[in-house]
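Okay, so here's the structure we're looking at.
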Amino acid sequence: MAPKVKTGYRIRVNYHYCTGCGNCVQYCPHHVLVKDTKLNERGIFAPVVAAIDECTGCKLCEMYCGNFAIAVGGKPRADEEGVA
Amino acid sequence: MAEAPVIATEDAEVLEHPAIRYFRFGAPGSPHIWCEGCGIGQVFYYTVIAIDELGLDPNKIVWVGGSGCTGRMCTYWKYDYMHTLHGRPLGFATGIKLANPELTVICHMGDGETSAIGGNHLIQTARRNADVVAICVNNYTYGMTGGQYSPTTPIGSLSATSRYGLVEDGFDLCQLVAAAGATYVARSTTAQPRPSINYIKKAIGKKGFSFVEIVSQCPTFYGRSNKLGDNSIAMLEWMKNTFVRKEQFEKMSPEERQGKRPWGEFVDTERPEVVASLHRLARTQREAYRG
Amino acid sequence: MGNPRLLTGVHLMQGQQACAEGALAAGCDLFAGYPITPATEIAEAMARRLPQAGGIYLQGADELDSLTIVIGSVWGGLKAMTATAGNGICLMQENIGYAAMTETPCVIVDMMRAGPGTGIATKSAQGDVYQVRYGSNGDYSIIALAPESPQEMFDLTVEAFNLAEEYRVPTFILGDEILSNLREKVVIPSEVKVTPRRKPTVPPGEGYKTWAVPPGEWTPPMPSFGDGYRLAVSSFARTADGSPSQAYEVQRDIVNRLWNKVEANAEKLTRVEDGYLEDAELLVIGFGSVARSVKAAARQARAEGLKVGFSRLIGIWPFPDSYVARVGKRVKKVIVAEMNMGKVCREVQRCLGRDAEVILSSKPGVAMHTPMEILDEIRKVI
């Protein structure tokens, strides 16, 4: 579940589909995601949202995910209108 | 910064990856059968983004595939699909388009499908300049059958059937298809999402045979066998280091080109297109018929 | 101005030409083929005539390419055909299996020539009897009709298109080189019965199951791509909604239906021409060009007082088991005359068991049986 955040963007990982490839963590330009330090139920170091405030909604994580396991929703913050 | 794709779920409760809207459930896998780190899922998404950004009616889009990992891409498309025989998507696709030129026909084929068993269909479809889209996911391997080499596998590569190092070199698919007459030829990689999407959009929107090669990672076989890493990131990094923009590549000396490959748009031109021509011929002859 | 699809009237026509005219009359919209003796003139006729009817001729890069284009265009909504010789059928086998598994209605003309291999391109034979039926991998069924004249090349091609739609199978015309080049009178009527493609009765939308068979029927209806039914077309074994499956029950049900939709209807699909059967002691069976000599020999034998009957098989597949068993049981001996090493003969032996003695009269290519040769055989055997 995404935590209560100050940014307008939200990120959800579908842990049923995620295989822990790490693409999203690696290629997020703003280091919003990190790999969990604990194995999850499926035996994977899954991505977790570490810095949602840094998210600009570029959706590169979605584009690098081959398993359709991550989604970005929401809108820019009011003070970021026009800067996406 | 890459432009954000248009599709997004604004649902307040459950966010879903946007590809899911076009995804056919019921076929094997969770959500599909491709390996951890495989790039084929990415190409599925790029195609779907392209269709969405072009605002096309998915009911008028037929996906065609053949055998192999990439060949199964069509079986996950929610709308009409035709899963055909290994190597032959382009033949079936030409038939579909001839029957109903209003349809958009998109073929996803692996490197073996495209250039080994499918080689003749590839060059013939390019020669005819049939108005279908061919997206070749080139991961330099036959993944489904366990990682044998293909006609695009680089010389020296290790694979399930080249344990001592491959003694043949691979096609430059874009050069091959360009020489055969395609009117749009482009290459990108799964390490370049936005260009890939743009090329696919252009390919779909353009009349004539459009060929987009997307180099992709197969960490399970090609990557592991050739010490390029057994995960997707290592292979994506290899792609980022190996592929240079066509314009840059052209300026490089032969020494600088060692170990590098060009990406970009190689052909973007116009030529007579067979489906439109045959329908025009039919109209003309029918009108001229005097019994 | 006439209808370009139907050249009503009396013509002197070559067998291949008549086949092309039959296709046009039956509603064929697309022909994709590769030149090969002795079927090349079918391609040439279609290339000339189809555009006049608003249709498409595309020359395949080879026979494989041709049949992929045909099958694709059928799913795009057209009626389509290809024509080749025995060697071309070899190349098409994977596609034939694909058409069988995806229940794609299409017509494949096989003008048989001497084989095996490249054989003798310009000489006749009847060696592909099993190839068209069992040439692809796995179990499936097809329909095959054997014309004996240019008139039948027209009539049976029309029927082939209609049967293909009704049973959703690849349907073959089993011709031969003699018939390819034979020129005879062909009467083209003013009207021809054409079976339309069977479309679903439900409106398009989500949830349509591509392979769901309505109760009491043998095959699903066949929407086209772009109609909005979200079709899942594949030659994998699959459940009704198109999902690939590895389950025994799924395989069992699919294969049984693909096999029986034709085989269980064998009696309905039996087509023969026979004569002099009432008190016959000897029956002569033949098909295609050879049957003309069979009939001439039987007539002559009767004139000499020999109790000979003849049977010309027009429908070769599904094999007319009950017909052959019925007529064969009434005689003591059966001669099967064919231009191969005994393929229809084998089927006849299978049907008759010990009920009659079956003798093969075989000329495996180039030269057709003459009526005198068959008469000599009759005199020897009776």
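Nothing in this text is a laboratory measurement; each read-out follows from the coordinates by a stated rule. Keep in mind it's a predicted model, so treat the numbers as computed, not measured. We place every Cβ from the backbone using ideal geometry, glycine too, and count neighbours over all the protein chains shown.
Just to confirm the number: angle between the C-alpha axis of helix C:343-352 and the first principal axis of chain C, 0 to 90 degrees, nearest 10?
Roughly 80 degrees between the two axes.
Taking only Cα atoms and a 10 Å spring cutoff, compute GNM fluctuations for chain B and point out the largest among B:CYS35, B:CYS136, B:CYS107.
Answer for the Gaussian network model of chain B: B:CYS35.
A 21 angstrom limit on the alpha carbon distance is what I want to check against. Which of B:LYS207/B:LYS240; C:LYS295/C:LYS332; B:LYS240/B:LYS260; A:LYS59/B:LYS246; C:LYS193/C:LYS295 exceed it?
Distance filter (> 21 Å) returns B:LYS207/B:LYS240; A:LYS59/B:LYS246; C:LYS193/C:LYS295.
Within 10 Å of each residue's Cβ, count the other Cβ atoms and sort A:CYS65, C:CYS351 from fewest upward.
C:CYS351, A:CYS65
Would you calculate the convex hull of the Cα atoms in the range A:9-75 and tell me its volume per residue in Å³?
Taking only Cα atoms, the range A:9-75 has a hull volume of 70 Å³ per residue.
Exposed loop GluC sites (Glu not before Pro) only (DSSP loop, at most 13 other Cβ atoms within 10 Å): please give the longest stretch of chain B free of them, not including the sites.
Value returned for the longest uninterrupted segment is B:169-269.
Skipping prolines and chain starts, which residues have an amide H placed within reach, meaning under 5 Å, of the one on C:GLY175, given they are 5 or more residues away or on another chain?
Long-range HN contacts for C:GLY175: C:ASP110, C:MET111, C:MET112.
Which pairs in the list C:LYS268/C:LYS343; A:LYS38/B:LYS78; B:LYS60/B:LYS202; B:LYS97/B:LYS201 are over 28 Å apart, alpha-carbon to alpha-carbon?
A:LYS38/B:LYS78
Among A:VAL34, A:ALA51, A:VAL13, whose Cα sits farthest toward the positive end of the charge dipole of the range A:9-75 (+1 at Cβ of Lys/Arg, -1 at Cβ of Asp/Glu, about the Cα centre)?
It is A:VAL13.
Give me a comma-separated list of calculated 3J(HN,Hα) values for the range B:18-30, in order, Karplus coefficients 6.51, -1.76, 1.60 applied at θ = phi - 60°, integers in Hz, x for any Gly or Pro.
Going residue by residue, I get x, 5, 4, 4, 10, 9, 9, 8, x, 6, x, x, 9 Hz, with x marking Gly and Pro.
How big is chain C on each of its three principal axes, counting only the C-alpha atoms and giving the largest first in Å?
Largest to smallest, the principal-axis extents are 70, 52, 39 Å.
Which shape class applies to the range C:9-188: rounded if a/c is under 1.5, otherwise prolate when a/b exceeds b/c and oblate if not, where a ≥ b ≥ c are the square roots of the Cα gyration tensor eigenvalues?
rounded
If you rank B:LYS227, C:LYS343 by fewest surrounding Cβ atoms within 10 Å, what's the result?
By the 10 Å Cβ count, ascending: B:LYS227, C:LYS343.
How much net charge surrounds B:ASN241 when only other residues with a Cβ under 14 Å from its Cβ are counted (Lys, Arg +1; Asp, Glu -1)?
It works out to a net charge of +3.
GNM, chain B, Cα, under 10 Å: largest mean-square fluctuation among B:ALA234, B:ALA116, B:ALA27?
Of B:ALA234, B:ALA116, B:ALA27, the most mobile in the Gaussian network model is B:ALA27.
I need the GluC sites (Glu not before Pro) found in the range C:296-351, filtered to DSSP loop residues with at most 14 other beta carbons within 10 Å of theirs.
Sparse-neighbourhood loop GluC sites (Glu not before Pro): C:GLU304.
How far is helix C:15-25 tilted off the main Cα axis of chain C, in degrees rounded to 10, range 0 to 90?
Around 40 degrees separate the two axes.
Quick check on chain B: what are the equivalent-ellipsoid semi-axes from the Cα gyration tensor, as sqrt(5λ), descending, whole Å?
Working through the eigenvalues yields semi-axes of 30, 24, 19 Å.
Dividing the alpha-carbon radius of gyration of the protein assembly as shown by 2.2 N^0.38 Å (N being the number of residues), what value is obtained?
So the Cα radius of gyration is 1.10 times the expected 2.2 N^0.38 Å.
Please compute the net charge surrounding C:TYR57, taking Lys and Arg as +1 and Asp and Glu as -1 over other residues with Cβ under 11 Å from its Cβ.
0
Tell me, what is the percent relative contact order of the range B:34-288, built from C-alpha pairs under 8 Å that lie six or more residues apart?
In percent, rounded to a whole number, it is 19.
Can you give the charge dipole size of the protein assembly as shown about its Cα centre, rounded to the nearest 20 debye, using +1 on the beta carbon of Lys and Arg and -1 on the beta carbon of Asp and Glu?
460
Would you work out if the range B:208-279 is rounded, prolate or oblate? Take a ≥ b ≥ c from the square roots of the eigenvalues of the alpha-carbon gyration tensor; rounded if a/c is under 1.5, else prolate when a/b is larger than b/c, oblate otherwise.
Oblate is the answer for the range B:208-279, as a/c is 1.5 or above yet b/c matches or exceeds a/b.
Can you pull the semi-axes for the range C:272-381, root of five times each eigenvalue of the Cα gyration tensor, sorted largest first, whole Å?
18, 17, 12
Show that you can apply the helix-only estimate: for the protein assembly as shown, add -39,500 (n - 2.57) for every DSSP H stretch of four or more residues, divide by all residues, and state [θ] at 222 nm to the nearest 500.
Counting only the DSSP helices, I get -9500 deg cm²/dmol.
May I ask you to sort C:ASP29, B:ASP169 by Cβ crowding, counting other Cβ atoms within 10 Å and putting the fewest first?
Fewest-to-most Cβ neighbours within 10 Å comes out as B:ASP169, C:ASP29.
Which loop-located trypsin sites (Lys or Arg not before Pro) does the range C:223-294 contain, where loop means any DSSP state but H, G, I, E or B and the Cβ has at most 13 other Cβ atoms within 10 Å?
When the trypsin sites (Lys or Arg not before Pro) of the range C:223-294 are filtered for loop state and at most 13 Cβ neighbours within 10 Å, C:LYS268 remain.
Does the range C:203-307 come out rounded, prolate or oblate, given a ≥ b ≥ c as the square roots of the eigenvalues of its C-alpha gyration tensor, rounded meaning a/c under 1.5 and, failing that, prolate meaning a/b above b/c?
Prolate is the answer for the range C:203-307, as a/c is 1.5 or above and a/b outweighs b/c.
Given R₀ = 51 Å, what would the calculated FRET efficiency be for B:ASP230 paired with C:LYS268, taking r from the Cβ atoms and rounding to 0.05?
The value I calculate is 0.30.
Can you tell me what share of the DSSP beta bridges in the range C:35-180 is antiparallel? A percent to the nearest 5 is fine.
Percentage antiparallel, nearest 5: 10.
Using alpha carbon centroids, what distance separates the range C:175-195 and the range B:244-271, in Å?
For the range C:175-195 versus the range B:244-271, the Cα centre distance is 58 Å.
So for the protein assembly as shown: antiparallel DSSP bridges make up what percent, rounded to the nearest 5?
The antiparallel fraction comes to roughly 30 percent.
Select from B:PRO101, B:PHE266, B:ILE214 the residue farthest towards the positive end of the dipole of the range B:34-288; place +1 on Cβ of Lys and Arg, -1 on Cβ of Asp and Glu, and compute about the Cα centre.
Checked the options; the winner is B:PRO101.
Let me spell out the model: positive unit charges on the Cβ of Lys and Arg, negative unit charges on the Cβ of Asp and Glu, origin at the Cα centre of chain B. What dipole size does that give, in debye rounded to 20?
Charge dipole of chain B: 860 debye, to the nearest 20.
Are there any trypsin sites (Lys or Arg not before Pro) in the range B:106-206 that are in a DSSP loop and have at most 11 other Cβ atoms within 10 Å? List them by number.
Listed in order of number, the matching sites are B:ARG163.
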